[in-house]
Amino acid sequence: MLTVELKAILTSVGTCSAFNAWLIEPSQNVLSVEDFAVLASKEALVVTNIIDKAKVKVTDAATIGESIRITKAWRACRAAIDASDKAAKEPAETRLEAPLDEPTKNSLAETWVKRHNIVLADSRLLIDDLEGAIYRQINAKPPRLCVYFLEQLRCRASLERRTHVGMVVQPGLHVRSEGIITDSVNDALEVYIRGRAMISTVAYCAVHNPSWFSLQDAEYFSDKLLTFVMQEVKGARPSLTYLVKAWAATMQKFSEAIRVNGMDLSVAVRKSDWEMLWTMWSAPATENSGPPAQPQLGDSNTLARECERLRKLASTLQSQNDRLHGHGGGKANGGGKQSGKNDKGGGDKRKFEDVRGDRGADRRGDDRGDDRRGKGGNYNGQKGGGNRRKN
């Protein structure tokens, strides 16, 4: 069976199905890009080494149009091999994160539209470098998936394009600079957006092998992720630090399931053992990460307690207001009735007007009355309190 890369090249140039079937015959067994590229060492030998041999069973290969398409396919395969040889001299990280070539991109896009009849928005896909790295990982033999932290993930629709430059030192190689993506995660919703873009990109790159991971699996994981990100416990939500760590632990669990157990990612996602990494959180007693809980309409006890508290508060405020403005109500502490201007009904409350002293007032009082002297006036209180004379 033709490899995905060779099939993408043949599809992009439009070779006929008979020629494609001739390549996979046991007598030919040309299945990969490298196999097709080494059929001829240079373009002048394409006619002799490929087209003339294909004419025996593929009558269309004799036509000029098909000969042109076969030559284009060989040139694309040769360019891919030359690029691979050049990349082999570079560090492994650079080769892994190189963007996909145009034939592979076109093949992925066409197959995705034919299978799902939708086009993914830029917010659902990662940038080209990450897409190329994920494609090479999941289409390797055997497939694998590295652990990507949320800070490393950047959507195509991201407005933040800052990239930090770091110096990479490896034994036997020259010191080189490398761009590092470290976009900070600012809120819980961004955890969901980046996680959805990551898992959708995996499904997009695995479109030629949907049994390993499909769009339905990606949607299942995205729905679960949104539930965990927005969960509430006692009116509070998990901290951002907890969500970032839960993502890293989940990706590590998926990576181990693929590499160690040889499990398809679709199986790993459908298992529920990773969900506990998001649900182990509980709200501490002192944590106030969410809005305060409001009394529910159906909770009669809570409403009754709240009404009683407000009633006591209103009574206290009214009493303070009466004391400030001299309006009494009730009986005085001494048991007698208190009379005076604006004082009715008693209460140990007195209104002072224009009371002035050198440094203060000398106030003496007992149950029978008060003798108050100052520069501003002399007040004599009577037994039972209430008659006040202003001098």
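The values are calculated or read from the model by the stated rules, or taken from the named source; none is laboratory data. What you are looking at is a predicted structure, and each value in this text was computed from that prediction instead of being measured. Heads up, the Cβs are rebuilt from the backbone with ideal geometry, glycines too, and the neighbour counts pull from every protein chain shown.
Being modelled with pLDDT under 95 and closer than 13 Å to LEU145 by Cβ is the requirement here; does ASN209 meet it? Step through it out loud before you land on a result.
Working: modelled with pLDDT under 95: yes; closer than 13 Å to LEU145 by Cβ: no.
Criteria not met by ASN209.
In segment 192-225, what count of residues is obtained for those that are within 23 Å of GLU97 (Cβ to Cβ) and under 19 Å from the mean Cα position of the chain (by Cα)?
From segment 192-225, those within 23 Å of GLU97 (Cβ to Cβ) are 193-209, 212-213, 218; that's our starting set.
If we keep only those that are under 19 Å from the mean Cα position of the chain (by Cα) as well, we get 193-203, 218.
Matching residues across segment 192-225 total 12.
From the set of residues in segment 84-121 that are assigned to a helix (DSSP H, G or I) and β-branched (Val, Ile, Thr), which is modelled with the lowest pLDDT? Give the steps one after another, and end with the answer.
As a first pass, look at segment 84-121 and keep what is assigned to a helix (DSSP H, G or I): 84-88, 92-96, 102-116.
Going one step further and asking which of them are β-branched (Val, Ile, Thr), we end up with 94, 104, 111, 113.
Working: THR94: 50, THR104: 84, THR111: 87, VAL113: 91.
The residue in question is THR94.
Among the residues of segment 127-157, write down those that are among the hydrophobic types (A, V, I, L, M, F, W, C) and under 14 Å from the mean Cα position of the chain (by Cα). So that I can check it myself, show each step before the final result.
First pass over segment 127-157, keeping only residues among the hydrophobic types (A, V, I, L, M, F, W, C): 127, 130, 133-134, 138, 140, 145-147, 149-150, 153, 155, 157.
Passing the criteria: PHE149, LEU150, LEU153, CYS155.
Of the residues that sit in segment 122-142 and are at pLDDT 90 or above and not in a helix (DSSP H, G or I), which one is surrounded by the most Cβ atoms within 10 Å (Cβ to Cβ)?
Taking the candidates together, the pick is LEU126.
Scanning for something under 30 Å from TRP112 (Cβ atoms) and touching a residue at least 60 places away in the same chain (Cβ under 8 Å), does segment 26-35 turn up at least one residue?
No, that holds for no residue.
Taking segment 225-277 only, how many residues are within 15 Å of GLY195 (Cα to Cα) and in contact with a Gly (Cβ under 7 Å, 6 or more places away or on another chain)?
Matching residues across segment 225-277 total 2.
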